[in-house]
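Before any comments, here is the structure.
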Amino acid sequence: MSSELTVTAGERARRADEIAAVGDHSFRLLIDGRLRPASGGRAFDSIDPFSQRPLARVPDATAEDVDAAADAADRARRDWRRTPARQRARMVEAFADAVEANAEELALLDCLDVGSPISNARNDVRMALDQMRLYAGLALELKGQTIPGAGALHLSVREPEGVVAKIFPFNHPLMFACRVAAPLVAGNTCVIKPPEAGPLSTLRLGELANDIFPAGVLNVIVGIGPAVPDRLVRHRAVRRIGFIGSEATGRSIQRAAAESGVKHVTLELGGKNALVVFDDVDVDQAAAGAVSGMNFTWAGQSCGSTSRLLVHESIHDRVVARVVELVRAIRLGDPLEETTGQGTMVHRGAQQQALGYIRSAIEDGATIVTGGGIPADPELARAAFVEPTVVTGLTPHARLAQEEVFGPVLTVLPFTDEAEAIRIANDVRYGLTGGVWTNDLDRAFRVIGELEAGHTWINGAGPHFPNVPYGGVKASGVGGKEECLAELLSYTEEKVINVMLRQ
């Protein structure tokens, strides 16, 4: 792979200036229309995973701060739900305009804070804007229904659920934070909790939102460890919880929600997703699709990555050879550089976890075809990089073929026929995404129909599309789809009204 780092003095100075500018910014919580530090002045450092230097001091919220945010949302919800849907939508549109006006700054924050290449971070901003404007445009679709009856008129209306907690991970923090547009348009007030590894863009969003929404409608808190999300989930006022993240954390949120009340919880969790390549394909196209679907650009840190490549045995070696060529051409480098093809892991812990999976695969008899470690270049080695890695020689039940790495590690598995491909694809506990690559249309739909996955592609892998539902099955999630009208409606409750007609 291309891992030589050639950085000019001007580029080094620019990085130093950008980090200094971020460090000079005072990041604060947003609670009840006030931007303020955490109680007691508690704070922690956000670390740039490339330079390993502190970027900024981040407020470390306390239980008192969580309660204040949720209480503020509870006080604001009555007026907000009475605000006409189109007026709520106009405020969300104004919020989107503010994001667009500050797009480069927000992309830069994600780039520095979590190691996402700047081109990738900019694309996240674009996707965030599309989703915000989609939800604003769907405001008048918050419709009920009418039901024919004898002697009565039956109708329903959609009402907001109340206070919503949105908790999300580090891999797309700005984009996930902007999805607060859906519950806001639906008439809910919100408390959003960004990841402690990557909170800066969301805290900046809070500053932008504070000039647009009434006090308490949108609140932003962040804190180290599980105490903050646990306190938020358990708060008496929180009726609805939308979580994106790991299976383990999702299960803990389900448990906390059940222990503290009857709450509506939706989870979008991890995946060990299969891309099935049959022997009638163009090898170059299928290999390119496999590399794209693995999301190497974001170091494989994507729940939807097709990290298991299932290839018909007759073309297995040819596909592997072409995939390796493409992977070796990926350029590792400073996430701020426009030509960087893969960014860092989010932090050292994530780096060591991915390397641990690779060591486990070697112990299980795997062949590391390319990658498998940290870059040789001393400057890159100091950053939280893991080389883009391709692994062969494992059985479908090996640890690396079963568990989500959340790193740039692609496992290639051969199969002999359609039945075996389906069996291997489904023989994991996850079911988020999946894909089939073939020129046989009947087979494509037949295999897709058998895949236990919520979001699938035929002759492709990776992209999301506006208003196309996204979400998983099995251990990959529960409670509804995202990125579409269904998500907007999921933040409402249906009230039925029976009008008795006098005869």
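The values are calculated or read from the model by the stated rules, or taken from the named source; none is laboratory data. Note that the structure is a prediction, hence the values are computed from the model and not measured. Reconstructed Cβ throughout: ideal geometry from the backbone, glycine too, with neighbour counts over all protein chains shown.
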Identify the residue in segment 239-269 that is part of a helix (DSSP H, G or I) and under 16 Å from the mean Cα position of the chain (by Cα) and, among all such residues, is surrounded by the fewest Cβ atoms within 10 Å (Cβ to Cβ). 248
Which of the residues belonging to segment 280-298 are among the hydrophobic types (A, V, I, L, M, F, W, C), in a helix (DSSP H, G or I) and either surrounded by 24 or more Cβ atoms within 10 Å (Cβ to Cβ) or in contact with a strand residue (DSSP E or B) (Cβ under 9 Å, 6 or more places away or on another chain) (or both)? 283, 286, 287, 290, 291, 296, 298
Checklist (1) buried (at least 16 other Cβ atoms within 10 Å of the Cβ); (2) part of a helix (DSSP H, G or I); (3) touching a residue at least 40 places away in the same chain (Cβ under 8 Å) applied to residue 68, failing item: (3)
Inspect all residues belonging to segment 124-141 and state whether any of them is at pLDDT 95 or above, farther than 25 Å from residue 487 by Cβ and not basic (Lys, Arg). no
If you go through segment 136-183, how many residues are part of a strand (DSSP E or B) and of a type in the set (A, V, I, L, M, F, W, C)? 9
In segment 34-65, what residues are crowded, with 21+ Cβ neighbours inside 10 Å, within 26 Å of residue 239 (Cα to Cα) and in contact with a Ser or Thr (Cβ under 8 Å, 6 or more places away or on another chain)? 38, 61, 65
Residues of segment 422-455 being in contact with a Ser or Thr (Cβ under 9 Å, 6 or more places away or on another chain), within 19 Å of residue 304 (Cβ to Cβ) and either small (Gly, Ala, Ser) or not in a loop (DSSP other than H, G, I, E, B) (or both), in sequence order, are 430, 431, 433, 434, 435, 436, 447, 448, 453, 454, 455
Hits in segment 88-105 - residues which are free of Cβ contacts under 8 Å to residues at least 40 places away in the same chain and either closer than 25 Å to residue 46 by Cα or surrounded by 22 or more Cβ atoms within 10 Å (Cβ to Cβ) (or both): 100, 101, 103, 104
Here the residues within segment 392-419 that are in a helix (DSSP H, G or I), surrounded by 19 or more Cβ atoms within 10 Å (Cβ to Cβ) and out of contact with any Phe, Trp or Tyr (no Cβ under 9 Å at 6 or more places or on another chain) are 401
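Matching residues to (1) in contact (Cβ under 8 Å) with a residue 24 or more places away in the chain; (2) within 16 Å of the chain's Cα centre (by Cα):
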{"position": "426", "(1), (2)": "yes, no"}
{"position": "432", "(1), (2)": "yes, yes"}
{"position": "437", "(1), (2)": "yes, no"}
{"position": "442", "(1), (2)": "no, no"}
{"position": "446", "(1), (2)": "yes, no"}
{"position": "451", "(1), (2)": "yes, no"}
{"position": "456", "(1), (2)": "no, no"}
{"position": "459", "(1), (2)": "yes, no"}
{"position": "465", "(1), (2)": "no, yes"}
If we scan segment 51-71, do we find a residue that is modelled with pLDDT of 95 or more, in contact with a Gly (Cβ under 7 Å, 6 or more places away or on another chain) and over 18 Å from residue 195 (Cα atoms)? no
When the residues of segment 327-354 are filtered to those that are closer than 14 Å to residue 295 by Cα and of a type in the set (A, V, I, L, M), which remaining residue is surrounded by the fewest Cβ atoms within 10 Å (Cβ to Cβ)? 330
Of the residues that make up segment 196-204, is at least one under 18 Å from residue 64 (Cβ atoms) and in contact with a Leu (Cβ under 8 Å, 6 or more places away or on another chain)? no
Do we find that residue 406 is within 29 Å of residue 123 (Cα to Cα) and modelled with pLDDT of 95 or more in this structure? yes
Go through (1) in the same structural domain as residue 458 (by TED's automatic domain parsing); (2) part of a helix (DSSP H, G or I) for residue 301 and report which single condition fails. (2)
Being part of a loop (DSSP other than H, G, I, E, B) and within 28 Å of residue 170 (Cα to Cα) is the filter here; which residues of segment 270-279 pass it? 270, 271, 272, 273
Is it true that some residue in segment 106-118 is surrounded by fewer than 23 Cβ atoms within 10 Å (Cβ to Cβ), of a type outside the set (A, V, I, L, M) and modelled with pLDDT of 95 or more? no
Report yes if residue 197 is modelled with pLDDT under 95 and assigned to a loop (DSSP other than H, G, I, E, B), otherwise no. no
